[in-house]
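A.B. asks: There's a structure below that I have some questions on.
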Amino acid sequence: MDVKGVQGSIRYEAGWITIRKKQVGGEPREFRIRAEDVTGTRLKPGTRLFHGYVQFVLPGSAPAEEVQGPLLGGRPPQSDPHSLSIPRRSNAAAAKLVAAVERDRGGSGG
């Protein structure tokens, strides 16, 4: 299951979340998270004016705060490795991915 984001993507398969991000002028970076390690998820759908985001919360860490501004619309900073900005056209795919992670993180007996 894949979600195309803004300057990156999220893939979820076999209980692993892979967030791939590319910062302007930098090399792509990849972050892998086990679904069973996720303690919470946040999904803010994109709108016509602003990108939304998908964010995963891990044990012992608070979710990155939304950066506010006239051009941002409120989303975590690009440097947050556990989130990705998404365009409006990715809202449905992002909702499915978050639902799958939520289902798997709670039901896994480890």
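Rule-based calculations on the coordinates, nothing more; no lab input. All values derive from a computational prediction rather than experimental measurement. No Cβ is skipped: glycine too gets one built from the backbone with ideal geometry, and neighbour counts run over all protein chains shown.
A.B. asks: Quick check on segment 2-107: what are the equivalent-ellipsoid semi-axes from the Cα gyration tensor, as sqrt(5λ), descending, whole Å?
C.D. replies: On the way: eigenvalues 84, 43, 39 Å².
With the √(5λ) rule applied to segment 2-107, the semi-axes are 21, 15, 14 Å.
A.B. asks: Explain nothing, just compute: Karplus ³J(HN,Hα) = 6.51 cos²θ - 1.76 cosθ + 1.60, θ = phi - 60°, for every residue of segment 79-89 in order, whole Hz, x for Gly and Pro.
C.D. replies: My calculation for segment 79-89 gives 6, 5, x, 9, 9, 8, 6, 10, x, 4, 5 Hz in order.
A.B. asks: Select from Thr47, Pro77, Ile33 the residue farthest towards the positive end of the dipole of the chain; place +1 on Cβ of Lys and Arg, -1 on Cβ of Asp and Glu, and compute about the Cα centre.
C.D. replies: Of the candidates, Thr47 comes out farthest on the positive side.
A.B. asks: Which one, Ile86, Ile19, Ile33, has the greatest fluctuation when you compute a Gaussian network model over the chain with C-alpha springs under 10 angstrom?
C.D. replies: Greatest mean-square fluctuation among the candidates belongs to Ile33.
A.B. asks: Near the amide H of Arg75, under 5 Å away, which other amide H atoms are found, from residues 5 or more places off or on another chain, if H is placed in the peptide plane?
C.D. replies: Val67
A.B. asks: Could I ask something else about it? Net charge around Glu102, counting only other residues with Cβ within less than 12 Å of its Cβ (Lys, Arg = +1; Asp, Glu = -1)? Display every interim value, and only then the final one.
C.D. replies: Details: positive: Arg42, Lys96, Arg103, Arg105; negative: Glu36, Asp104.
That sum, taken over residues with Cβ under 12 Å, equals +2.
A.B. asks: Divide by every residue of the chain the summed helix terms, -39500 (n - 2.57) for each DSSP H run of at least 4, and state the resulting mean residue ellipticity at 222 nm, rounded to the nearest 500 deg cm²/dmol.
C.D. replies: Details: 1 runs with 17 residues, N = 110.
Theoretical 222 nm ellipticity from helices: -5000 deg cm²/dmol.
A.B. asks: Return the sequence-ordered ³J(HN,Hα) values of segment 92-106 in whole Hz as given by the Karplus equation 6.51 cos²θ - 1.76 cosθ + 1.60 applied to θ = phi - 60°, using x for Gly and Pro.
C.D. replies: 5, 5, 5, 5, 5, 5, 4, 4, 5, 5, 4, 5, 6, 6, x
A.B. asks: If you plug each phi of segment 9-23 into the Karplus form 6.51 cos²θ - 1.76 cosθ + 1.60 with θ = phi - 60°, what whole-Hz ³J(HN,Hα) values come out, in order, with x for Gly and Pro?
C.D. replies: 7, 10, 10, 10, 7, 6, x, 10, 9, 10, 9, 10, 10, 10, 7
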